[in-house]
Amino acid sequence: MTTPRTTTTPTTSTNTTPTLPGGTWTMGDLTVTRFGYGAMQLAGPGVMGPPADHEGALAVLREAVRLGITHIDTADAYGPHVTNRLIHEALHPYPDTLHLVTKVGARRDADGGWPPAREPDDLRRAVHDNLQTLGVDTLDLVNLRLGDATGPRPGSLATAYETLVELQREGLIRHLGLSNATPEQIAEAETIAPFVCVQNLYNLAHRQDDALVDRLAEQGVAYVPFFPLGGFTPLQSATLAQVAERHGVRPTAVALAWLLHRSPNILLIPGTSSVAHLRENVAGAGLTLTEEDLAALDTIGGDQAPTP
């Protein structure tokens, strides 16, 4: 797999002065800011239907680009079709530096569920839907979503992943990734075709992927955690709050800053439907954590904390 070129120089857009924390990371031939944006929250309640504030949603996307963000995560299943169409309305024609990352492998049902949709015909349809709603000829990066809404599930990914490899060979996809994957599925994918990122649940309280994060970093593969504040116990939340209080910031800021500190291959895609919250997330992720902070935060992960 391709070894990334990394830099700690903050990335900015050409028409603004704010800087982004974390520098950049290269996935294949895509250089992206490590601080990205996840578009899921732009859809309506339950990630279904249009946003209550259409113009507000467009403003968030435009502000993300103005701030210098070059990595936007989306999926045509969000809405469905809603977030992709908002991205197209707000940002098309896209700047050459902006890279859109989407995912396939699930659809939405009438009850708002996320049933798997990983048969070859499902995946081909989903890729073409993403191409149409985003208004592009080639998708920069497509993640294969595995498991279900409750988490990863065992089972071979070969048929589904090979379908995406075929679409990549047809020129419809530039790079591949995996989402909600088990270690066994990641290992299986490595025997089929290269991928440039893995999206899994990971945060201060859920560090079951610690060894995977480190292994992927050595291989030059990005790790993109979702739910950066999900599943904390009251005691863990209290520890996080104490560190945040020392710095006069919200716990979210500490959690995002810790993820950027954890490994250079970790990319952030926090979502929001508010311009003010987006700016707050950017500022928070740039927090400098002390050795005292890191020691306290590592107690949250318990025995899952990495060996120094």
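The values are calculated or read from the model by the stated rules, or taken from the named source; none is laboratory data. Just so we're clear, the structure is a prediction, and the values are computed from it rather than from any experiment. We place every Cβ from the backbone using ideal geometry, glycine too, and count neighbours over all the protein chains shown. These area figures cover heavy atoms from the full protein model, side chains too; ligands, DNA and RNA do not enter into them. Shrake-Rupley method; radii C 1.70, N 1.55, O 1.52, S 1.80 Å.
Numbers for the structure displayed
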{"item": "Checklist (1) of a type in the set (Ser, Thr, Tyr); (2) closer than 16 Å to GLY301 by Cα; (3) open to solvent by less than 10 Å² (accessible area, probe 1.4 Å) applied to TYR161, failing item", "result": "(2)"}
{"item": "Among the residues listed as PRO51, PRO21, the single one being modelled with pLDDT of 95 or more, over 18 Å from the mean Cα position of the chain (by Cα) and crowded, with 19+ Cβ neighbours inside 10 Å", "result": "PRO51"}
{"item": "Qualifying position, being closer than 16 Å to ILE69 by Cα, buried (at least 16 other Cβ atoms within 10 Å of the Cβ) and touching a Ser or Thr at 6+ places or on another chain (Cβ under 6 Å), among LEU278, LEU260, LEU267", "result": "LEU278"}
{"item": "Residue satisfying condition, being open to solvent by less than 40 Å² (accessible area, probe 1.4 Å) and farther than 30 Å from THR252 by Cβ, within set GLY177, GLY220, GLY147, GLY135", "result": "GLY135"}
{"item": "Residue match in the range 225-235 (condition: surrounded by fewer than 20 Cβ atoms within 10 Å (Cβ to Cβ) and part of a helix (DSSP H, G or I))", "result": "yes"}
